[in-house]
Amino acid sequence: MTQLIDELFVAAFDNPWLSQRNDQAAIELPEGRTVITTDGFVVSPLFFPGGDIGMLAVNGTVNDVAMAGARPLYLSAAFILEEGFPLGDLARIAESMAAAARTAGVAIVTGDTKVVQRGSGDGVFIATTGVGVAPPGVAPSADSARPGDAVVLSGPIGDHGVAVLAQREALRFETTVTSDTAPLAELVAAMVAAVPDIHVLRDPTRGGLAATLNEIADQSAVGIVVDERAIPVRGEVRAACELLGLDPLNIANEGRLVALVAAADADRLVDAMRGQPHGRDAAVIGHVIADDRRFVQMRTTFGGSRLIDWLAGEPLPRIC
Amino acid sequence: MRYLDEFRDGAIARSLATQIAERAQPDRSYRLMEFCGGHTHTISRYDLEGLLPANVTLIHGPGCPVCILPVGRVDQAVALSLSHEVILCCYGDVMRVPGSDDTSLIKARSHGADVRIVYSSTDALALAQSMPDRQVVFLAIGFETTAPATAAVVLRAEALGLTNFSVLCYHVLTPPALDALLGPPADPARPMAEIDGFIGPGHVSTVIGAEIYRALLDRHDKPMVVSGFEPIDILQSVAMLLDLLNDDRSEVAIQYRRVVTWAGNRKAQDMLAKVFAVRDAFEWRGLGSLPDSAYRLADRFAHLDAERRFPLPQHTVADNPACECPDILRGTKHPLDCRIFGTACTPETPVGACMVSSEGACAAYYTYGRGREARTAAQ
Amino acid sequence: MCLAVPAEVIEISGEDALVDLGGIRKRVSLMLVDDVAVGDYVIVHVGFALTRLDRDEAQESLALLREGLAAAGAAP
């Protein structure tokens, strides 16, 4: 059984490292700072409009490497399968990972598979590690935001979370919104080429834009002020949030990023982003201020101001 | 979104704010209670208090079915989910409400209880139909707005002859709570807030109608304006209330006329009368035990009543003494008056129910107003 | 309170309706309301249409509010 599964991955991922059938892969890295990240993926449902858990795992890992300003090169992947998980579904996930890896320009060079008893897992869990290299001098970090910096967002928020919610059995609604899951390596390469001194780069995944902005404010010990009108949210995402009592700011994204740069660099960065397919709707949404309390504030459409807080736990639909 | 976006227009809001400022007589104060948590949420979300003159204050009421659920009831739901091999279906709102000993339904789920979030009561019924060998219990919370959805599935379960479906019914009623807020306090040591007028429940009134408040408010000699939930609705209701108070008229008026009528939804009312019986009394967090203030299933549907079907713990649990939820729910204290607000009690680690629901006064203040309040305090 | 949103009825089949809210569509129950027609707006709460939204009333309130705005704008 395990051998069958291994064959399936070797065939799908198709690269010289895997074909050697070693328990590890020996790789050469170009000059620069080596970047490494690891991530676990659990998602329900496993397949959703615009993607599936496999695509999510590859893109998520690629993006975590890219958020260091690096070009992602190699991935490893470990699969925890629940006994009885349909091989057909697994093949679909493997194919989709292979396609995502090709798009992102990375190779999945080593991996592992374990099968657990039925009931001990939820179909399939995927753990991935990614390795990449950042050009010398490029070192964005969440603790590097400075007062005066411009906050740039790459596109509309909430698509991924809403696409997944729409498929949940008990919530089911019809929407044309699909997951925004995408590899952001090309976009980041273009950004780094235009503005090497990007202070902060983050992808607002779980917890949404609200969590990411709060993390940055907290780690950099600054305040952030964003303008509600400048943050793009698709009509259907807004409507889904209205129906379920959620806030788009807390909804997960899988193909968006937030960049903080010196105000003088903002236009150049936004121009470079808009030339890329995953940065077409890039815009400045706010700026950094000095604030010991590390608050993230939003200028509302009413001209008032409110705080944007971290959300406690996963956003749950509410009736009141 | 039609009929929502129009009522969120900033220019109209500012013009209403000007009208309110003109109407507010400088030599008097206006203490208005918004009963509904939904109103509280909008007020915080749009910073409406910042648009009002200083002598018009909004007091946040107990109209959040999650916030007023006493700890003992949460314990019942948790015990049921853990001990009777049932699938407990509930609305997302109750998942994080703290019971005693740091329990909650979300924690019960991580301990193996089969607790599932549903969007609608019909989803719970559908689950029971699809899993005939499992007992499915629907935890029914909410005011009169939500109760008809429960009544509908009880009637359908009866018609289908389902034996694996039941309802844990914690539906509560609005008029008795309003009455309690205006009447003498049950405990003289814990007075009620002084209220000049009410921003009245909007969606509850689509079901029960606005007529029902007339006698009640007349008895207490207070005005009420039944209001919609968008910022423009609330500001317009405040303006209307100021007019009534300035003219010394204790009347009920409807601002939310696009949705609320005097008679309400007769079909839904008939269904409520058929399916539910009024409990002699029900414990409300903050307000104490209120007579005739909640529903249980009528005897005819006893076989669908989880409270009669499963042995459940019957205890009342005192609130955490440091938590000011009871006084906040009565409107006598502000979230910022609570010593544990924002320190021991946050949305992540809620001590009191007002911090759990995003409609709770504390959660609304914490989420949207903390910075503004802190700034004001610092000045 | 109760989170309830106005949505347009797109299609009716028996006791259910398909409603549209800003482009998303959801199946809701019409068990609690009578005489709902395609094109009506209903107030949706926990998967049920609670009542019909009176569009004339809505237009009238908005017209009055906008009048107030125009009057305020005209004032010196």
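The values are calculated or read from the model by the stated rules, or taken from the named source; none is laboratory data. No experiment lies behind these values; they were computed from the predicted model shown. Using ideal geometry, Cβ is built from the backbone for each residue, glycine included, and neighbour counts are taken over all protein chains shown. Only protein heavy atoms, including side chains, enter the accessible area calculation; ligands, DNA and RNA are left aside. Shrake-Rupley method; radii C 1.70, N 1.55, O 1.52, S 1.80 Å.
I need a count of the residues in segment C:26-65 that are assigned to a helix (DSSP H, G or I) and more than 7 Å from chain B (Cβ to nearest Cβ).
Step one: of segment C:26-65, the residues assigned to a helix (DSSP H, G or I) are C:55-65.
Those left that are additionally more than 7 Å from chain B (Cβ to nearest Cβ): C:55-56, C:59-60, C:63-64.
Summing the residues that are assigned to a helix (DSSP H, G or I) and more than 7 Å from chain B (Cβ to nearest Cβ) in segment C:26-65 gives 6.
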Residues in segment A:11-33: is at least one open to solvent by 30 Å² or more (accessible area, probe 1.4 Å), in a strand (DSSP E or B) and touching a residue at least 40 places away in the same chain (Cβ under 8 Å)?
yes
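Among the residues of segment B:233-260, what is the count of those that are in a helix (DSSP H, G or I), among the acidic types (Asp, Glu) and open to solvent by 10 Å² or more (accessible area, probe 1.4 Å)? So that I can check it myself, show each step before the final result.
From segment B:233-260, those in a helix (DSSP H, G or I) are B:233-246; that's our starting set.
Then drop every residue that is not among the acidic types (Asp, Glu), which leaves B:233, B:243.
Remaining after also requiring open to solvent by 10 Å² or more (accessible area, probe 1.4 Å): B:243.
So the answer is 1.
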Here the residues within segment A:278-311 that are of a type outside the set (Gly, Ala, Ser), at the interface with chain B (Cβ under 7 Å from one of its Cβ atoms) and in a strand (DSSP E or B) are A:297, A:306, A:307
Contact list, first residue from segment A:135-148 and assigned by TED's automatic domain parsing to the domain that holds residue A:69 and without any contact (Cβ under 8 Å) to a residue 24 or more places away in the chain, second anywhere and acidic (Asp, Glu) and exposed (fewer than 13 other Cβ atoms within 10 Å of the Cβ), beta-carbon distance below 8 Å, six or more apart or interchain, is none
Note on segment A:199-232: residues surrounded by fewer than 18 Cβ atoms within 10 Å (Cβ to Cβ) and of a type in the set (Gly, Ala, Ser) are A:221, A:230
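Quick grid of which residues meet (1) under 25 Å from residue B:201 (Cα atoms); (2) within 13 Å of chain C (Cβ to nearest Cβ); (3) in contact (Cβ under 8 Å) with a residue 24 or more places away in the chain; (4) within 22 Å of the chain's Cα centre (by Cα):
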residue: B:72; (1), (2), (3), (4): no, no, yes, yes
residue: B:79; (1), (2), (3), (4): no, no, yes, no
residue: B:89; (1), (2), (3), (4): no, yes, yes, yes
residue: B:101; (1), (2), (3), (4): no, no, no, no
residue: B:109; (1), (2), (3), (4): no, no, yes, no
residue: B:117; (1), (2), (3), (4): no, yes, yes, yes
residue: B:127; (1), (2), (3), (4): no, no, yes, no
residue: B:134; (1), (2), (3), (4): no, no, yes, no
residue: B:147; (1), (2), (3), (4): yes, yes, yes, yes
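Can you spot a residue in segment A:97-106 that is over 30 Å from residue A:5 (Cβ atoms) and surrounded by 21 or more Cβ atoms within 10 Å (Cβ to Cβ)? Steps first, answer last, please.
Pass one, segment A:97-106, residues over 30 Å from residue A:5 (Cβ atoms): none.
No.
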Inside segment B:158-186, the number of residues satisfying the requirement of being more than 30 Å from residue B:249 (Cα to Cα) and either polar (S, T, N, Q) or over 13 Å from the mean Cα position of the chain (by Cα) (or both) is 12
Flagged in segment B:22-51 as in a strand (DSSP E or B) and within 10 Å of chain C (Cβ to nearest Cβ), in numbering order, are B:34, B:35, B:36
Of the residues in segment B:289-303, those that are closer than 21 Å to residue B:176 by Cβ and open to solvent by less than 20 Å² (accessible area, probe 1.4 Å) number 5
Counting only helices (runs of 4 or more DSSP H) wholly inside segment A:133-252, the ones holding at least 2 residues that are under 25 Å from residue A:264 (Cβ atoms) and away from every other protein chain (no Cβ under 14 Å) are A:185-194, A:208-220
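To keep it simple, each residue is scored yes or no on (1) of a type outside the set (D, E, K, R); (2) over 11 Å from the mean Cα position of the chain (by Cα).
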{"residue": "C:11", "(1), (2)": "no, yes"}
{"residue": "C:17", "(1), (2)": "yes, yes"}
{"residue": "C:37", "(1), (2)": "yes, yes"}
{"residue": "C:41", "(1), (2)": "yes, no"}
{"residue": "C:59", "(1), (2)": "yes, yes"}
{"residue": "C:69", "(1), (2)": "yes, yes"}
Filter segment B:1-21 for residues that are in contact with a helix residue (DSSP H, G or I) (Cβ under 8 Å, 6 or more places away or on another chain) and not in a helix (DSSP H, G or I); the one that is surrounded by the fewest Cβ atoms within 10 Å (Cβ to Cβ) is B:4
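In segment C:3-25, which residues are at the interface with chain B (Cβ under 8 Å from one of its Cβ atoms) and surrounded by fewer than 18 Cβ atoms within 10 Å (Cβ to Cβ)?
The initial filter retains those residues of segment C:3-25 that are at the interface with chain B (Cβ under 8 Å from one of its Cβ atoms), namely C:3-6, C:8, C:21-22.
Once the filter is applied, which keeps residues that are at the interface with chain B (Cβ under 8 Å from one of its Cβ atoms) and surrounded by fewer than 18 Cβ atoms within 10 Å (Cβ to Cβ), segment C:3-25 yields nothing.
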Sole miss for residue B:361 among (1) open to solvent by less than 30 Å² (accessible area, probe 1.4 Å); (2) of a type in the set (Gly, Ala, Ser); (3) under 22 Å from residue B:212 (Cα atoms) is condition (3)
